[in-house]
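Each remark here refers to the structure printed beneath this line.
The values are calculated or read from the model by the stated rules, or taken from the named source; none is laboratory data. Just so you know, these numbers come straight off a predicted model, no measurement behind them. As a convention, Cβ positions derive from the backbone with ideal geometry for all residues, glycine included, and neighbour counts pool all protein chains shown. Accessible surface areas use protein heavy atoms only, side chains included; no ligands, DNA or RNA. Shrake-Rupley method; radii C 1.70, N 1.55, O 1.52, S 1.80 Å.
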Amino acid sequence: MTEATHEEHAIHDEHIAHGHHDEHDHHGPAKGFMRWVFTTNHKDIGTLYLVTALIMFMVGGAMALVIRAELFEPGMQYVDPNFFNQMTTLHALIMVFGAVMPAFVGFANWMIPMMIGAPDMALPRMNNWSFWILPFAFVMLASTLFMDGGAPAAGWTLYPPLVLQGGAHLPFAIFTVHLLGMSSIMGAINIIVTVFNMRAPGMTLMKLPLFVWTWVITAFLLITVMPVFAGAVTMLLTDKFFGTSFFNAAGGGDPVLYQHLFWFFGHPEVYIMILPSFGVISTIIPTFARKPLFGYSSMVYATASIGFLSFIVWAHHQYTVGMPLAGELYFTYATMLIAVPTGVKVFNWVATMWKGAMTFETPMLFAIAFVVLFTMGGFTGLMMSISPADLQYHDTYFIVAHFHYVLVPGAVFALFAGTYYWLPKWTGHMYDEKLGKLHFWLSTVSVNVLFFPQHFLGLAGMPRRIPDYAVQFAEFNAMSSVGAFIFGFAQLIFVWVVIKAIRGGEKATDEVWEGASEHGLEWTLPSPPPYHTWTTAPDIK
């Protein structure tokens, strides 16, 4: 008997001793469509989240193209003003709650158990529920398009009294928010319980991969702020249908109260979308710089600091409402303070790349673009933190340019980077590098053509959320719309790259990227990983 055969027998005997024999041989995925309905496997649920997020990204993107087509030139061309407002509202709600957040939850489901050496998420049935609530919520929101008065048109902030003057859509929009909130809270609980209870022996908290750390902090943010938003929209509901006056000045209420409640949720919400992006970028840069992450512990503390500070700066969204001078000063300085931990992160990413043996595959290209363009979005945020200056920018296209720089070349580029980085591990096939780079260059050039001119439009005084504008804004709007269409259609390349990798192609090695196994446990697993990942806990060095 050869040595190899001896080894196989020894493994076989060990499996029997641990009760791992035949019972695991048939524990692969169930057959057919019902696999996806009843699955409790973290990878299946991660895939469901990612596919849903991609569909929602294309739907929300199509709505953005309706907006940019209408704004291509002055005058009313294609849609009426009410439908334009519905598009701006639905675009925001779908991109925030349907695309970016579910995509990061998909990453979390796929990667966290693999990164910490856990066999699955701690609460797999709840995991299934938290996904399957989402499609029903989106169908409910989409159904408002066919109602009398159309879909919500008061902006994603749902500010009263405007939102209370809408048609039949209000209870549907509010119930959608409740369902999405329930889904997010269940997902967050699951992540916290998994990370705190199911880490492989020896994986201390300060050995957690940065992506896991950023998600733990994000999960705490979600649990804290989602109930506040749910409470605020429920108060809208009772104002509309049960005669209360929480936000009705005629009945002794105050519409500004809603703004405080909304932004206590809304500002941390921005970090809920951006902290996991930091985790993805902190994972990718060391791999392609072939160096450990510079300043790991300072990255953890910086992430926690950003999470904490996000709770105490909300009223910088409300300078124009009016507040005492002391309040303006406080919110100005508190907001500026966020630049400190964010600067620590940018410094550490650059220091990680410094003198590294860098290569520039598609994930790294998106990561570098993220660092540059997100920092630009951060700088314009600093400009707006100054209350007297913000009075000039408020509700102009400058704000639109700012938050799109944070969320598109910020969060969305991090999602692209993460997808290209982990796609070979998920599918077992390398993606098409040439098409990936084409997608990167088209996206990076067009996203700047799309959003950079909007800074000038805002500084020149063009208000946001209007379907028509004065002729002096025509050139920059035309430029922005051309960028939007190129960016939009460039995403079809991304969809094709993903489909192509799922269908087949060059086999990916276990490590995929040179030296990647030094940067994370997931690269020690086969590509694609087995249906049940860690049947025995890995050794942590």
How far apart, in nanometres, would the label points at MET147 and THR536 be if each is projected 7 angstrom from Cα along the Cα-to-Cβ direction?
5.7 nm
Under 5 Å, built H, 5+ apart or other chain: amide partners of ALA154:
none
In nm, what is the difference between 0.36 nm times the number of residues separating LEU257 and ILE486 and their Cα-Cα distance?
78.3 nm
Calculated on alpha-carbon atoms, Rg and Dmax of region 358-437 in Å:
16.5, 54
Taking amide H atoms as placed 1.01 Å from N in the peptide plane, list the residues 5 or more away in sequence, or in a different chain, whose amide H sits under 5 Å from that of THR396.
ARG464
Could you report the accessible area of LYS240 in Å², rounded to 10, computed with a 1.4 Å probe on the protein chains as they sit in the structure?
70 Å²
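Suppose every Lys and Arg Cβ carries +1 and every Asp and Glu Cβ carries -1, with no other charges. What dipole size does the chain come out with about its Cα centre, to the nearest 20 debye?
On the way: 21 positive and 32 negative charges, 126 e Å.
Computed about the Cα centre, the dipole is about 600 debye.
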Mean Cβ neighbour count within 10 Å, used as a protection proxy, ranking 210-223, 136-149 highest first
210-223, 136-149
Taking the Cα atoms only, what angle lies between the long axis of helix 169-197 and the longest principal axis of the chain, rounded to 10 degrees?
30 degrees
Using alpha-carbon positions, the gyration tensor of region 393-464 gives root eigenvalues a ≥ b ≥ c; with a/c under 1.5 called rounded, otherwise prolate if a/b exceeds b/c, else oblate, the class is prolate
Give, in whole angstrom and from largest to smallest, the semi-axes √(5λ) of the equivalent ellipsoid of region 214-282, with λ running over the eigenvalues of the Cα gyration tensor.
32, 10, 7
Can you tell me which of 446-452, 467-473 comes out highest on packing, and rank the rest after it, using the mean Cβ neighbours within 10 Å?
446-452, 467-473
Search the structure for amide H atoms under 5 Å from the amide H of ASP510, placed 1.01 Å from N in the peptide plane, and list their residues when 5 or more places away or on another chain.
SER527
Karplus-derived HN-Hα couplings along region 75-88 (A = 6.51, B = -1.76, C = 1.60, θ = phi - 60°), whole Hz, x at Gly and Pro
x, 9, 10, 10, 10, 7, x, 5, 5, 4, 5, 5, 5, 5
Over 26 Å between C-alpha atoms is what I'm after, so list which of LYS425/LYS500; LYS291/LYS437; LYS31/LYS437 land there.
LYS31/LYS437
Helix 339-353 versus the longest principal axis of the chain: what is the Cα-based angle in degrees, 0 to 90, to the nearest 10?
40 degrees
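Could the peptides 278-290, 296-308, 241-253, 504-516 be put in order, highest first, of the mean number of other beta-carbon atoms found within 10 Å of their residues?
Numbers: 278-290: 25.2, 296-308: 18.2, 241-253: 13.2, 504-516: 15.6.
The packing order, highest mean first, is 278-290, 296-308, 504-516, 241-253.
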With a Förster distance of 22 angstrom and the Cβ-Cβ distance between ALA460 and THR320, calculated FRET efficiency to the nearest 0.05 equals 0.75
